[in-house]
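Values quoted throughout were computed directly from the atomic coordinates according to the rules given, and no laboratory measurement underlies them. Bear in mind the structure is a predicted one, so any value in this text is a computation, not a measurement. Please note: Cβ atoms are built from the backbone with ideal geometry, for glycine as well, and neighbour counts cover all protein chains shown.
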Amino acid sequence: MNTRSLAVAALIALALAACSKKEEAPVPAPTPVVDAAKEAADKAAEAAKLAAEATKDAAKDAATATTDAAKSAADATKEAAKDAVSAAKDAAAATKEAGKDAAAATADAAKEAAEKAKAAVGK
């Protein structure tokens with residue numbers, strides 16, 4: 001029984017040794033390629049941030065310029081409308097004056113024609 005006990009003890013020791021905690025392999029140091037890739041990724045992220053900020057600023061500037069242009073266009077339209085109204089008033093006044101002159105000329109012509117008709121009848 002002695003050899004059997006010795007064999008069982010050896011198997012148990014072997015099983016415990018196989019299941020015991022193993023040492024982890026050391027982590028290899030980063031290679032220059034990995035470092036370069038990380039650095040490039042960091043630079044790309046920074047460039048993306050700067051580009052986003054520049055795009056935001058450009059959008060603000062464009063919105064301001066568009067607003068200013070719209071205000072200028074509205075002001076120009078108001079001025080043009082005032083000028084058009086003034087021109088229409090001037091044209092109406094001129095038409096009124098021309099109508100008065102035409103009426104006076106018609107009345108004078110009618111008087112002259114009446115006088116000529118009287119003279120013709122009275123002869």
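Suppose every K and R has +1 on its Cβ and every D and E has -1 on its Cβ; what is the size of the dipole of the chain about the Cα centre, in Debye to the nearest 20?
Dipole magnitude for the chain comes out near 560 debye.
For residue 118, go through the lysines and keep the ones whose alpha-carbon is under 27 Å away, minus same-chain ones fewer than eight residues off.
100
Roughly how tilted is helix 32-122, in degrees to the nearest 10 and between 0 and 90, from the longest Cα axis of the chain?
Tilt of helix 32-122: around 10 degrees.
Give the angle, between 0 and 90 degrees and rounded to the nearest 10, that separates the Cα long axis of helix 2-19 from the longest principal axis of the Cα atoms of the chain.
Taking the Cα atoms of the chain, the angle to 2-19 is about 20 degrees.
In deg cm²/dmol and to the nearest 500, what is the mean residue ellipticity at 222 nm of the chain if only DSSP H runs of at least 4 residues count, each as -39500 (n - 2.57), divided by the residue total?
Details: 2 runs with 109 residues, N = 123.
Value at 222 nm, helices only: -33500 deg cm²/dmol.
Cross-link partners among aspartates and glutamates for residue 43, C-alpha distance below 18 Å, same-chain residues fewer than 8 apart left out?
Candidates past the 8-residue exclusion: 35, 53.
At q = 0.14, 0.18 Å⁻¹, what log₁₀ I(q)/I(0) does a Debye calculation on the Cα points of the chain give, no solvent, two decimals?
Normalising to I(0) and taking log10 leaves -0.96, -1.09.
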